[in-house]
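The next block holds one structure in the form of structure tokens; read it before the comments.
The values are calculated or read from the model by the stated rules, or taken from the named source; none is laboratory data. Given the structure is predicted, the values throughout are model-derived calculations rather than measurements. As a convention, Cβ positions derive from the backbone with ideal geometry for all residues, glycine included, and neighbour counts pool all protein chains shown. Ligands, DNA and RNA are excluded from the accessible area calculation, which covers all protein heavy atoms including side chains. Shrake-Rupley method; radii C 1.70, N 1.55, O 1.52, S 1.80 Å.
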Amino acid sequence: MKENKEFVKEVTDIEEDFAKWYTDIVLKADLADYTDTKGCIAIKPYGYAIWENIQKYLDKKLKEAGVKNVYLPVLIPENLLQKEKDHVEGFAPEVAWVTKGGQEELEEKLCIRPTSETVFSNLYAKWLKSWRDLPLLYNQWCNVLRWEKETRPFLRSREFLWQEGHTLHETEKDAKEFTIKILNIYQDLIENLLAIPVLKGEKTEKEKFAGADNTYTVETLMHDGRALQSGTSHYIGQNFTKAFNIKFQNREGKEEYAYQTSWGVATRLIGAVIMAHGDNRGLKLPPRVAPIQAVIVPIALHKEGVEDKAREIYEILNNNFRTELDLRDNYSTGYKFNDWELRGVPVRIELGPRDIENGVCVLVRRDTLEKTTVKLNEIQEKVSELLEDIQKNMFDECAQRVKQRTTIARNMDEFIKNINENQGYVKAMWCGKEECEIKIKELTGASSRCIPFEQEKISDNCVCCGEKAKKMVVWGRQY
RNA sequence: CGAGGUGUGGCUCAGUUGGUAGAGCGCGUGGUUUGGGACCAUGAGGUCGCAGGUUCGAUCCCUGUCACCUCGACCA
């Protein structure tokens with residue numbers, strides 16, 4: 001295939017400057033745009049459609065798990081936010097406040113929610129009476145605001161969209177099980193919808209959520225080898241239920257504090273899709289989440305019968321797939337090919353006079369750019385097969401990268417060498433002390449991603465201090 | 001929040017030793033095209049990031065500020 005140098009120049013080279021490549025793609029694939037409000041992006045239709053597909057998939061899974069959707073206020077009175085000590089300490093630096101209503105100074109300032117544990121907890125204290133009310137499984141799809149200093153579209157913006165689930169349970173065991181159940185739903189979402197393999201595990205004490213007893217995470221690895229925390233599920237225990245007095249009468253008639261969880265995934269997942277799959281031609285969307293799964297590009301549109309045939313094919317395909325018919329007459333065919341590749345559409349269908357004469361069309365897959373000629377009367381099943389194959393292939397390619405970029409380190413020299421040469425994940429033993437975690441970060445730039453559920457023994461001793469190791473930890477430089 | 005960088009049509013940039021701005025791409029219109037970013041003609045579009053200051057005069061010099069980018073610290 002002839003490489004078009006001019007085009008490649010238009011998008012920053014992915015190997016040369018990944019950060020620039022990323023923002024290029026966000027803008028050029030028409031996912032989002034900057035606004036005059038710092039740190040707040042405008043999500044454009046094509047980007048929002050990805051989010052809608054994520055929502056649709058996840059919402060169904062959550063409902064199957066018994067979760068119900070609610071909506072709570074965006075403003076939180078100061079006293080509520082301050083009820084749980086660790087929580088307020090964790091979030092205070094990045095909270096935005098409303099201090100005035102019209103011209104009047106408020107008696108009590110209101111914070112714009114950075115997360116809603118406090119609001120849920122406050123209401124749960126009112127709503128929970130009996131063990132019969134448990135488990136209480138609520139979720140909300142909403143926006144939150146965190147006063148980030150440094151921002152990037154989708155990955156870290158001040159305002160972002162997410163879902164936050166907040167649940168109450170009768171026992172510690174129930175709550176812990178539910179925390180993991182949600183983590184598994186996140187894994188399913190990210191692996192099966194977004195085609196990105198996850199690393200599952202528990203956060204260290206240092207990295208866990210402010211106010212939680214345990215934080216579990218699904219981590220993903222981006223094209224450049226940096227890790228992205230893609231979803232978290234927290235076992236909150238009784239920290240909030242005690243602070244907010246959330247009690248129920250148990251089966252023996254005694255009052256007891258409930259056990260709590262919270263969990264969320266955000267529009268950051270869109271960033272993950274971009275950075276995990278993209279290449280020098282632009283975005284590469286997994287079929288299941290792609291707003292447009294197949295695009296028909298008619299060739300020599302003005303020629304007799306081409307448009308009619310294209311419309312006919314469109315009608316057939318659009319019944320089963322999210323299909324687009326590109327009838328723009330102000331762009332050349334070549335331009336359209338590049339444009340749809342930039343936007344990451346999994347399957348392109350080329351249909352020209354020559355094909356129509358032969359009763360065929362050309363299918364081009366975005367992941368490998370491979371072209372195949374198929375009979376028009378078989379197009380539906382061929383597209384279907386291709387979409388499935390692309391979905392699978394994209395996951396496999398990502399998994400391959402994770403494998404290639406995962407190394408082990410028995411000492412700090414190995415650690416530093418590996419992280420510098422290979423980026424990616426480094427597996428190393430850890431003694432459990434925070435000072436070693438901090439030192440490793442200083443020396444390598446890598447933070448602890450998680451303590452994986454699937455442990456393996458690299459060596460007996462902590463990679464940092466050499467003392468007896470407690471856990472195998474996966475480390476990496478993060479976004 | 002620390003260190004550095006950049007702000008001139010939508011984009012990439014040029015330019016003015018201080019005298020009020022230009023090119024390519026893109027965009028509109030008409031036409032010819034269409035199998036990997038087509039061509040011809042024609043047209044629209046800028047208070048030179050914003051606010052002060054110096055000056056007869058500031059896009060240019062000075063001060064401040066804001067936004068964006070990169071690298072660190074913090075986070076979904």
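Counting only residues that are under 11 Å from A:ILE246 (Cα atoms) and surrounded by 19 or more Cβ atoms within 10 Å (Cβ to Cβ), how many does the range A:108-124 have?
Keep residues of the range A:108-124 that are under 11 Å from A:ILE246 (Cα atoms), which gives A:120-124.
Going one step further and asking which of them are surrounded by 19 or more Cβ atoms within 10 Å (Cβ to Cβ), we end up with A:120-122, A:124.
The number of residues fulfilling the criteria is 4.
Are there any helices (runs of 4 or more DSSP H) wholly within the range A:284-363 with 1 or more residues that are open to solvent by 20 Å² or more (accessible area, probe 1.4 Å) and more than 9 Å from RNA strand B (Cβ to nearest atom), and if so which? Give the derivation first.
Details: elements: A:306-318, A:333-342, A:353-358.
By residue number, A:306-318.
Are any residues in the range A:408-455 more than 9 Å from A:TRP475 (Cβ to Cβ), in a strand (DSSP E or B), within 16 Å of RNA strand B (Cβ to nearest atom) and of a type in the set (A, V, I, L, M), and if so, which ones?
A:ILE451
Being open to solvent by less than 70 Å² (accessible area, probe 1.4 Å), over 15 Å from A:GLU164 (Cβ atoms) and not hydrophobic (A, V, I, L, M, F, W, C) is the filter; apply it to the range A:66-89 and report the residue that is nearest to RNA strand B (Cβ to nearest atom).
Applying the filter and picking the extreme gives A:GLU84.
Could you give me the residue pairs with C-beta distances under 9 Å whose first residue belongs to the range A:1-29 and is under 11 Å from A:ASP279 (Cα atoms), whose second residue is at pLDDT below 80 and surrounded by 12 or more Cβ atoms within 10 Å (Cβ to Cβ) wherever it lies, and which are 6+ apart or on separate chains?
A:PHE18/A:THR12; A:TRP21/A:VAL11; A:TRP21/A:THR12; A:TYR22/A:THR12; A:ILE25/A:VAL11; A:ILE25/A:THR12
When A:GLU104 is evaluated against the numbered criteria (1) more than 19 Å from A:ASN239 (Cβ to Cβ); (2) free of Cβ contacts under 8 Å to residues at least 60 places away in the same chain; (3) open to solvent by less than 70 Å² (accessible area, probe 1.4 Å), which criterion, by number, is the only one it fails?
(3)
Based on what the data block shows, is A:VAL347 among the hydrophobic types (A, V, I, L, M, F, W, C), free of Cβ contacts under 8 Å to residues at least 24 places away in the same chain and either out of contact with any Asp or Glu (no Cβ under 8 Å at 6 or more places or on another chain) or more than 24 Å from A:LYS284 (Cβ to Cβ) (or both)? Break it down stepwise before answering.
Values: among the hydrophobic types (A, V, I, L, M, F, W, C): yes; free of Cβ contacts under 8 Å to residues at least 24 places away in the same chain: no; either out of contact with any Asp or Glu (no Cβ under 8 Å at 6 or more places or on another chain) or more than 24 Å from A:LYS284 (Cβ to Cβ) (or both): yes.
Considered against the rule, which asks whether it is among the hydrophobic types (A, V, I, L, M, F, W, C), free of Cβ contacts under 8 Å to residues at least 24 places away in the same chain and either out of contact with any Asp or Glu (no Cβ under 8 Å at 6 or more places or on another chain) or more than 24 Å from A:LYS284 (Cβ to Cβ) (or both), A:VAL347 comes out as no.
Which ranges mark the strands (runs of 3 or more DSSP E) fully within the range A:48-157 that have 1 or more residues being over 24 Å from A:GLN260 (Cβ atoms)? Explain how you work it out, then say what you get.
Details: elements: A:75-77, A:96-101, A:104-112, A:136-145.
Once the strands (runs of 3 or more DSSP E) in the range A:48-157 are filtered for at least 1 residues that are over 24 Å from A:GLN260 (Cβ atoms), what remains is A:96-101, A:104-112.
So which of A:GLY237, A:GLY271 ends up being of a type outside the set (Val, Ile, Thr), out of contact with any Lys or Arg (no Cβ under 6 Å at 6 or more places or on another chain), under 16 Å from A:GLU117 (Cα atoms) and touching a residue at least 24 places away in the same chain (Cβ under 8 Å)?
Details: A:GLY271 fails: under 16 Å from A:GLU117 (Cα atoms).
So the residue among A:GLY237, A:GLY271 that is of a type outside the set (Val, Ile, Thr), out of contact with any Lys or Arg (no Cβ under 6 Å at 6 or more places or on another chain), under 16 Å from A:GLU117 (Cα atoms) and touching a residue at least 24 places away in the same chain (Cβ under 8 Å) is A:GLY237.
So A:GLU252 clears everything in (1) charged (D, E, K, R); (2) touching a His at 6+ places or on another chain (Cβ under 8 Å); (3) without any contact (Cβ under 8 Å) to a residue 12 or more places away in the chain except one condition, right? Which one?
(2)
Given the conditions (1) more than 16 Å from RNA strand B (Cβ to nearest atom); (2) in a strand (DSSP E or B), report the number of the one that A:ASP389 does not fulfil.
For A:ASP389, the failing item is (2).
Any residue in the range A:418-432 that is acidic (Asp, Glu), surrounded by 13 or more Cβ atoms within 10 Å (Cβ to Cβ) and under 29 Å from the mean Cα position of the chain (by Cα)? Working first, answer last.
Taking the range A:418-432 first, the residues acidic (Asp, Glu) are A:421.
Next cut, surrounded by 13 or more Cβ atoms within 10 Å (Cβ to Cβ) only: none.
Among the residues of the range A:418-432, not one is acidic (Asp, Glu), surrounded by 13 or more Cβ atoms within 10 Å (Cβ to Cβ) and under 29 Å from the mean Cα position of the chain (by Cα), which makes the answer no.
Identify, please: which residue in the range A:125-165 is aromatic (Phe, Trp, Tyr), out of contact with any helix residue (DSSP H, G or I) (no Cβ under 6 Å at 6 or more places or on another chain) and open to solvent by 40 Å² or more (accessible area, probe 1.4 Å) and is, among those, farthest from A:HIS87 (Cα to Cα)?
Going through the range A:125-165, the residues aromatic (Phe, Trp, Tyr) turn out to be A:127, A:131, A:138, A:141, A:147, A:154, A:160, A:162.
Next, only the ones that are out of contact with any helix residue (DSSP H, G or I) (no Cβ under 6 Å at 6 or more places or on another chain) stay: A:127, A:131, A:138, A:141, A:160, A:162.
With open to solvent by 40 Å² or more (accessible area, probe 1.4 Å) added as a condition, the list becomes A:127, A:131, A:138, A:141.
Working: A:TRP127: 22, A:TRP131: 26, A:TYR138: 20, A:TRP141: 21 Å.
This residue is A:TRP131.
Before we move on, is A:THR215 modelled with pLDDT of 95 or more, near RNA strand B (Cβ under 10 Å from one of its atoms), open to solvent by less than 10 Å² (accessible area, probe 1.4 Å) and in contact with a strand residue (DSSP E or B) (Cβ under 9 Å, 6 or more places away or on another chain)? Don't jump to the end; show me each part of the working.
Values: modelled with pLDDT of 95 or more: yes; near RNA strand B (Cβ under 10 Å from one of its atoms): yes; open to solvent by less than 10 Å² (accessible area, probe 1.4 Å): yes; in contact with a strand residue (DSSP E or B) (Cβ under 9 Å, 6 or more places away or on another chain): yes.
Criteria met by A:THR215.
Among (1) open to solvent by 30 Å² or more (accessible area, probe 1.4 Å); (2) more than 22 Å from A:GLU219 (Cβ to Cβ); (3) modelled with pLDDT of 95 or more, which single condition is A:ASP396 missing?
Unmet for A:ASP396, out of (1) open to solvent by 30 Å² or more (accessible area, probe 1.4 Å); (2) more than 22 Å from A:GLU219 (Cβ to Cβ); (3) modelled with pLDDT of 95 or more: (2).
Of A:CYS450, A:CYS431, A:CYS398, which residue is more than 29 Å from A:MET275 (Cα to Cα) and of a type in the set (A, V, I, L, M, F, W, C)?
Numbers: A:CYS450 fails: more than 29 Å from A:MET275 (Cα to Cα); A:CYS398 fails: more than 29 Å from A:MET275 (Cα to Cα).
The unique qualifying residue is A:CYS431.
Which of the numbered conditions does A:GLN380 fail, given that it passes all the others? Conditions: (1) closer than 30 Å to A:LYS336 by Cβ; (2) within 16 Å of RNA strand B (Cβ to nearest atom).
(2)
On the basis of being in contact with a strand residue (DSSP E or B) (Cβ under 8 Å, 6 or more places away or on another chain), within 16 Å of RNA strand B (Cβ to nearest atom), open to solvent by less than 10 Å² (accessible area, probe 1.4 Å) and at pLDDT 95 or above, does A:VAL273 make the cut?
On the way: in contact with a strand residue (DSSP E or B) (Cβ under 8 Å, 6 or more places away or on another chain): no; within 16 Å of RNA strand B (Cβ to nearest atom): yes; open to solvent by less than 10 Å² (accessible area, probe 1.4 Å): yes; at pLDDT 95 or above: yes.
No: the conditions fail for A:VAL273.
Residues that are within 8 Å of RNA strand B (Cβ to nearest atom) and surrounded by 13 or more Cβ atoms within 10 Å (Cβ to Cβ): does the range A:29-39 have at least one?
Yes, the conditions are met somewhere in the range A:29-39.
Given the criteria without any contact (Cβ under 8 Å) to a residue 12 or more places away in the chain, of a type outside the set (D, E, K, R) and open to solvent by 50 Å² or more (accessible area, probe 1.4 Å), does A:ASN377 qualify? Show your work before the answer.
Values: without any contact (Cβ under 8 Å) to a residue 12 or more places away in the chain: no; of a type outside the set (D, E, K, R): yes; open to solvent by 50 Å² or more (accessible area, probe 1.4 Å): yes.
When the stated conditions are applied, A:ASN377 does not pass them.
Mind listing whichever residues of the range A:186-212 are among the aromatic types (Phe, Trp, Tyr) and open to solvent by less than 10 Å² (accessible area, probe 1.4 Å)? Before you say what the answer is, go through the steps one by one.
First, pick out the residues of the range A:186-212 that are among the aromatic types (Phe, Trp, Tyr): A:186, A:209.
A:TYR186, the sole residue that qualifies.
With the requirement that a residue be of a type outside the set (D, E, K, R), touching a residue at least 40 places away in the same chain (Cβ under 8 Å) and closer than 22 Å to A:ALA290 by Cβ, what does the range A:30-44 give you?
A:LEU31, A:ALA32, A:ILE41, A:ILE43
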